[in-house]
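Asker: Quick one: structure below, then a few questions.
The values are calculated or read from the model by the stated rules, or taken from the named source; none is laboratory data. Keep in mind the model is a prediction, meaning the values are calculated, not measured. Neighbour counts are summed over all protein chains in view; Cβ atoms, including those assigned to glycine, are modelled from backbone coordinates with ideal geometry.
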Amino acid sequence: MSVFDASIQVFLAPVVPFLKDDSVTEIMINGPTNIFIERKGFVEKVDVKFDDEGALIAAVRNISQFVGRPIDEERPFLDARLPDGSRIHAVVPPVAKNGTTVTIRKFSKTKLDMKDLIAKGAINIDAARFIDVCLYLKKNIIVSGGTGSGKTTILNILASRCQPNQRILVLEDSAELKIHNNHVVYFEARPADESGKGLVTLRDLVKSSLRLRPDRVIVGEVRSGEAMDLISSMNTGHSGSMGTVHSNNPKECLTRLETLAMMTESDVPIQAVRSQVASAINIILQLSRMQDGSRKVTHISEGIGMDLQGNYQVQDIYLFEQTGRDKDGKVLGSLNPTGTIPSFMKEIEVNQLPFPKELFFKKGPNSNPPSPTPSKPENQAA
Ligand SMILES: Nc1ncnc2c1ncn2[C@@H]1O[C@H](COP(=O)(O)OP(=O)(O)O)[C@@H](O)[C@H]1O
Ligand SMILES: [Mg+2]
């Protein structure tokens, strides 16, 4: 055990059992006595507490010393990683009104793969195969969703399913992805040190990555000006790039990317940014955390440019349709093709990819035309 690890055991003692419990995904500390955890998608209050505000702030100061980033009244925020890879964010009073406020996003040791997502009902086999088609054709894909909806998990899976002869450059603010592929190179941004030196932003990493002969550029979480660089790289021949964006539906995802791209100091007019976003993003994979705590792919949508008024045009290829809840509250429904054929159907055909047009039509009694290919049982996944 490292010294850092040992000190965590002491300073964070009240929540250590939750750090060790793999079924807990998040720990939320709102002052010394008001502590919540998330388990299986549900948030519950737990009966543990720190002795007082002093004990909690000591824990945060201790972590800040280990990672070499100060936290005090003047600099009230701390972003850090615990020795087990979990991400911690802390805010101290007076900004934090409840007392020192901390969230710990657990690092999940079990990495899900596409088969797991199918087994959990997060996606189905046809939709998963369609995503493989998009990957093969090097479409630019954005995974969109709220916090904890499974974006990083699915991005990891997508990148692991790319052709093994491709060079994948991974750029993150805080290293989370662990891609199973042949040729993966990782980079992590760095905050400035105490004297304000040494800052390396995601923007810097995106710029540098383009000179490192990428076949694909993957940005873990697009949340600032790097959106601009990613979008222009997608438009200048680096297709097959991917990233995640925090947004609630596919159209909002494009608007969000536009807003983030506008955060750069450049004086590119908004119309130009908008048309760059519209042409860069081919596929949006929308995820949601449902009322029952499960995570699901709710949309697989295609960005098809802009209309004459300059609005983004998005067409849904797959949509999750909820049919009800079972007696335990579990969400019932399925991810169905909408009957819309992607604009790149021709590419699918000329590349002889095993994804016939019929699969884009809805199955079931009201469907037209019916699919001639019966879907395989889910356990025979990709
Ligand atoms: N389809 C899923 N079913 C169940 N758990 C999932 C699923 N996708 C992700 N998770 C779990 O949910 C947590 C949050 O996932 P993550 O990918 O980090 O979300 P995000 O990047 O959207 O914040 C992780 O513990 C992850 O293992
Ligand atoms: Mg994430």
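Asker: Just checking, does the stretch 79-86 include any residue being surrounded by 15 or more Cβ atoms within 10 Å (Cβ to Cβ) and over 26 Å from LYS178 (Cβ atoms)?
Answerer: Taking every residue of the stretch 79-86 in turn, none turns out to be surrounded by 15 or more Cβ atoms within 10 Å (Cβ to Cβ) and over 26 Å from LYS178 (Cβ atoms).
Asker: Mind counting the residues in the stretch 134-184 that are under 24 Å from THR201 (Cβ atoms), more than 15 Å from ligand 1 (Cβ to nearest atom) and either surrounded by fewer than 21 Cβ atoms within 10 Å (Cβ to Cβ) or not hydrophobic (A, V, I, L, M, F, W, C) (or both)?
Answerer: Of the residues in the stretch 134-184, 3 are under 24 Å from THR201 (Cβ atoms), more than 15 Å from ligand 1 (Cβ to nearest atom) and either surrounded by fewer than 21 Cβ atoms within 10 Å (Cβ to Cβ) or not hydrophobic (A, V, I, L, M, F, W, C) (or both).
Asker: Does GLY99 satisfy the criteria of being more than 14 Å from ligand 2 (Cβ to nearest atom), outside any helix (DSSP H, G or I), outside the structural domain of LEU212 (by TED's automatic domain parsing) and not basic (Lys, Arg)?
Answerer: So GLY99 fits the description; yes.
Asker: Return the pairs, sorted by first residue and then second, in which the second residue is among the polar types (S, T, N, Q), the first residue lies in the stretch 195-214 and is in the same structural domain as ALA175 (by TED's automatic domain parsing), the beta carbons are less than 6 Å apart, and the residues are 6+ apart or on different chains.
Answerer: LEU210/SER233
Asker: Still on this structure, I have one more. Is it fair to say SER195 is farther than 27 Å from GLY148 by Cα, modelled with pLDDT under 95 and not in a loop (DSSP other than H, G, I, E, B)?
Answerer: no
Asker: Given the options VAL15, VAL10, name the one that is in a helix (DSSP H, G or I) and under 25 Å from ASP173 (Cβ atoms).
Answerer: Sole residue among the options that is in a helix (DSSP H, G or I) and under 25 Å from ASP173 (Cβ atoms): VAL15.
Asker: Counting just the residues of the stretch 286-323 that are closer than 24 Å to LYS363 by Cα and among the acidic types (Asp, Glu), which one comes out surrounded by the fewest Cβ atoms within 10 Å (Cβ to Cβ)?
Answerer: GLU321
Asker: Collect the residues in the stretch 214-257 that are farther than 15 Å from ASN140 by Cβ and in contact with a helix residue (DSSP H, G or I) (Cβ under 8 Å, 6 or more places away or on another chain), keeping them in residue-number order.
Answerer: GLY220, GLU221, ARG223, SER224, GLY225, HIS246, SER247
Asker: I'd like to check something: does the stretch 121-129 contain any residue that is within 13 Å of ligand 2 (Cβ to nearest atom), of a type in the set (Val, Ile, Thr) and within 24 Å of PHE360 (Cα to Cα)?
Answerer: no
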